[in-house]
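The values are calculated or read from the model by the stated rules, or taken from the named source; none is laboratory data. Everything numeric here is computed off the predicted structure, so don't read it as measured data. Because the Cβ atoms are built from the backbone with ideal geometry, glycine has one as well, and the counts that use them run over all protein chains shown.
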Amino acid sequence: MKPFGNRREQLIYYTICSGAVFVALTLVAIVAFVAIKGVGCISWEFLTEIPSRMGKEGGISSAIVGTLYLTLVALVLSVPLGVGAAVYLTEYQPRVSRFTRLVELSAEALAGIPSIVFGLFGFVFFVIFLGWGWSVLSGGLTLALMILPTIMRTSQEAITAVPVEFRENSLALGATKWQTTSKIVIPSALPGIITGVILSIGRSVGETAAVLLTAGSALGMPVLPTDPARSMAVHLYFLASEGISMERAYGTALLLIIMILIINYLANLSLRRFSYRLKG
Amino acid sequence: MKETLIEKLLFFSALVSILAIILIIIFICSQGIPLVARVGIKNFLFSTTWDPANGQFGIATMLVGSLLVTIGALIWGVPLGMALSIFLAEIASPRVAGIMTSMVELLAGIPSVVYGFFGLAVIVPFIREYIGGPGFSALAGAIILGIMILPTIVNIACDAIKAVPREYTEGSLALGATRWQTISRIVLPAARSGIIAAIVLGMGRAIGETMAVVMVTGNVTRIPGSIVEPVRTMTSNVVLEMGYASGDHQLALFATGMVLFIFIVILNLVVTASLKAGE
């Protein structure tokens, strides 16, 4: 393409490039800062011991378990619902239908709701109205609603991308609609669906406000789904904002960032596999 | 038989989103509206006295707080986001663009509480040391939010810019326009509706953000005299007091959430209208 010509154009060019460099440096600065300050805190004890004295001492094992537990509960509900909704809209509804539009609008609205409002809803609905108290169940189901739009939208895109011939061939061979959907369409779209699920895991792991209001902040090890739990993100919030232990806060933050890095890497990997598979 | 049962189950899955949004509206409003009715809508929105112990529920200071950090975030987040979008769509080689895109994805993936922690550990002391005030301030919130809204802005704005037909750019260049003239007078105006949507969604992200803000803004319920003074946002108000609030106090927090929700609905309507206008 034509280069940026005169001095003024070049000035604009460098301004734009320096904006991009600035963003990159900011990201590197955040990650490097947390990594350098936090790496000394991470040890076997930090990962495996239950916090004591509000987190001033001990490790963060119950917070790690709490995070994974909440995420698991969220996925158990939102993956079947999200993928099911996507399958219904793409395979069982005409391309343009008012029902599809309505569901999509609702999902868009859900996606735009701030996490604190989800927290309020989860509190009044799961914790109070259904009487589940601050628990892994209340927190997990609140998270499930938060990640449902992502799973639904990415699944919809992945399923739509499966070539029509796949379905036609299967139907022509005498397979029923559900056989075609479950044995041909969903497997072909699977890596795309998994990408959405992985991204949702990232969102659940990092979510704080909604979890604080629905799962509580108890420091004990959650066992039953009805037990209260504290996630790593909530733990980090208390450690840092109440000045309990900055050292452990850095360690927790580093662990969160490492998890997100792994999750993003896996999501990219699965996306690449998906485009590869569809190309044949 | 099995086929129809499955279809019904799938139909139910699709219904969940609709049900969820209806339930959320009903449950939040059923808590918030009675209190706002009792206190008076004018009093609730425009009184600067938030004193739950004495039944005073005015959220004016938090409206100002939310708007201040949001506008502050947009002032530097939007130009930066636009520069990055133009860089990704028009300037960067595919390799560089790929690396930058993964970086933006990582920015989007970093939990908000980690941003808040970074703000608390780095930006707050920096402001206290070099700019003045207690450090915990609207400015600190605006700086952190400006970074956090970048992925939202870049994802949508970049797509909008890329969607401008190649012929427009080629036509403009063929007529002798320079590259910047082409970008600023042809590409950006053609992508206008997407760019507006990106900015408004970024605004929604900023106004709804909780953890990063609560950790760096100081959370004082007073109208700030300058941007280096502390503020409390609507979101912070909820997360700070929900743990111990009861009775009317708790209802007032739901009412705060309801006002926030209304803001988000309005912003989303603007986005939909803007995208429709672009078609």
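Conditions tested, residue by residue: (1) part of a helix (DSSP H, G or I); (2) surrounded by fewer than 24 Cβ atoms within 10 Å (Cβ to Cβ); (3) modelled with pLDDT of 95 or more.
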residue	(1), (2), (3)
A:118	yes, no, yes
A:123	yes, no, yes
A:142	yes, no, yes
A:145	yes, no, yes
A:149	yes, no, yes
A:152	yes, no, yes
A:158	yes, no, no
A:167	yes, yes, no
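Restricting to segment B:83-101, name every residue that is more than 20 Å from the chain's Cα centre (by Cα) and more than 7 Å from chain A (Cβ to nearest Cβ). Of everything in segment B:83-101, those that are more than 20 Å from the chain's Cα centre (by Cα) and more than 7 Å from chain A (Cβ to nearest Cβ) turn out to be B:88, B:89, B:90, B:92, B:93, B:94, B:95, B:96, B:97, B:98, B:99, B:101. The listed residues are A:211, A:185, and the only one of them that is under 24 Å from residue A:145 (Cα atoms), part of a helix (DSSP H, G or I) and either touching a helix residue (DSSP H, G or I) at 6+ places or on another chain (Cβ under 6 Å) or modelled with pLDDT under 95 (or both) turns out to be A:211. In segment B:177-270, counting only helices (runs of 4 or more DSSP H) that sit wholly within it, the ones holding 2 or more residues that are surrounded by fewer than 20 Cβ atoms within 10 Å (Cβ to Cβ) span B:192-208, B:234-241.
Among the residues of segment A:52-63, those that are under 15 Å from residue A:250 (Cα atoms), buried (at least 19 other Cβ atoms within 10 Å of the Cβ) and in contact (Cβ under 8 Å) with a residue 40 or more places away in the chain comprise A:55, A:60, A:63. Going by the conditions given, is residue B:2 more than 23 Å from the chain's Cα centre (by Cα), more than 10 Å from every other protein chain (Cβ to nearest Cβ) and of a type in the set (Lys, Arg)? Criteria not met by residue B:2.
Of everything in segment B:40-61 that's part of a helix (DSSP H, G or I) and of a type in the set (A, V, I, L, M, F, W, C), which residue is nearest to residue B:236 (Cα to Cα)?
B:60
Within segment A:176-183, is there a residue that is buried (at least 19 other Cβ atoms within 10 Å of the Cβ) and more than 9 Å from chain B (Cβ to nearest Cβ)? Yes, there is a match, as at least one residue in segment A:176-183 is buried (at least 19 other Cβ atoms within 10 Å of the Cβ) and more than 9 Å from chain B (Cβ to nearest Cβ). Reported count of residues in segment A:222-262, each being surrounded by 19 or more Cβ atoms within 10 Å (Cβ to Cβ) and under 15 Å from the mean Cα position of the chain (by Cα), is 7.
Do we find that residue A:202 is buried (at least 24 other Cβ atoms within 10 Å of the Cβ), more than 30 Å from residue A:52 (Cα to Cα) and either at pLDDT below 95 or touching a strand residue (DSSP E or B) at 6+ places or on another chain (Cβ under 9 Å) (or both) in this structure?
Here the answer is no, as residue A:202 does not meet what is asked.
When segment A:87-114 is filtered for residues that are touching an Asp or Glu at 6+ places or on another chain (Cβ under 8 Å) and farther than 22 Å from residue B:272 by Cβ, the ones remaining, listed by number, are A:88, A:92. Which is more than 9 Å from chain B (Cβ to nearest Cβ) and modelled with pLDDT of 90 or more, of A:52, A:62? That would be A:62, the only listed residue that is more than 9 Å from chain B (Cβ to nearest Cβ) and modelled with pLDDT of 90 or more.
Filtered by the rule that a residue be over 30 Å from residue B:200 (Cβ atoms), in contact (Cβ under 8 Å) with a residue 24 or more places away in the chain and within 11 Å of chain A (Cβ to nearest Cβ), segment B:233-249 gives a lone residue, B:245. Of the residues in segment A:91-110, none is modelled with pLDDT of 95 or more, among the hydroxyl-bearing types (Ser, Thr, Tyr) and over 22 Å from residue B:260 (Cα atoms). Among the conditions (1) more than 20 Å from residue B:7 (Cα to Cα); (2) in contact with a Lys or Arg (Cβ under 7 Å, 6 or more places away or on another chain), residue A:180 misses just one, which is (1). If we scan segment B:134-142, do we find a residue that is hydrophobic (A, V, I, L, M, F, W, C), away from chain A (no Cβ under 14 Å), out of contact with any Leu (no Cβ under 6 Å at 6 or more places or on another chain) and surrounded by fewer than 23 Cβ atoms within 10 Å (Cβ to Cβ)? Scanning segment B:134-142 turns up no residue that is hydrophobic (A, V, I, L, M, F, W, C), away from chain A (no Cβ under 14 Å), out of contact with any Leu (no Cβ under 6 Å at 6 or more places or on another chain) and surrounded by fewer than 23 Cβ atoms within 10 Å (Cβ to Cβ). Residue count for segment B:114-151 satisfying the condition of being in contact (Cβ under 8 Å) with a residue 60 or more places away in the chain, over 19 Å from residue B:77 (Cα atoms), in a helix (DSSP H, G or I) and of a type in the set (A, V, I, L, M): 1. Scanning segment A:1-33 for residues that are within 7 Å of chain B (Cβ to nearest Cβ), among the β-branched types (Val, Ile, Thr) and either under 30 Å from residue A:245 (Cα atoms) or in contact with a Leu (Cβ under 9 Å, 6 or more places away or on another chain) (or both) returns A:16, A:23, A:26, A:30.
Given the condition more than 21 Å from residue B:102 (Cβ to Cβ), in contact with a helix residue (DSSP H, G or I) (Cβ under 8 Å, 6 or more places away or on another chain), not β-branched (Val, Ile, Thr) and not in a helix (DSSP H, G or I), answer yes or no: does some residue in segment A:263-280 qualify? Within segment A:263-280, not a single residue is more than 21 Å from residue B:102 (Cβ to Cβ), in contact with a helix residue (DSSP H, G or I) (Cβ under 8 Å, 6 or more places away or on another chain), not β-branched (Val, Ile, Thr) and not in a helix (DSSP H, G or I).
Across segment B:8-35, the qualifying residues are those that are among the β-branched types (Val, Ile, Thr) and buried (at least 21 other Cβ atoms within 10 Å of the Cβ), and the one among them that is farthest from residue B:253 (Cα to Cα) is B:16.
Of A:64, A:50, A:113, A:60, all but one fail to be in the same structural domain as residue A:217 (by TED's automatic domain parsing), in contact with a His (Cβ under 7 Å, 6 or more places away or on another chain) and of a type in the set (A, V, I, L, M, F, W, C); the exception is A:60.
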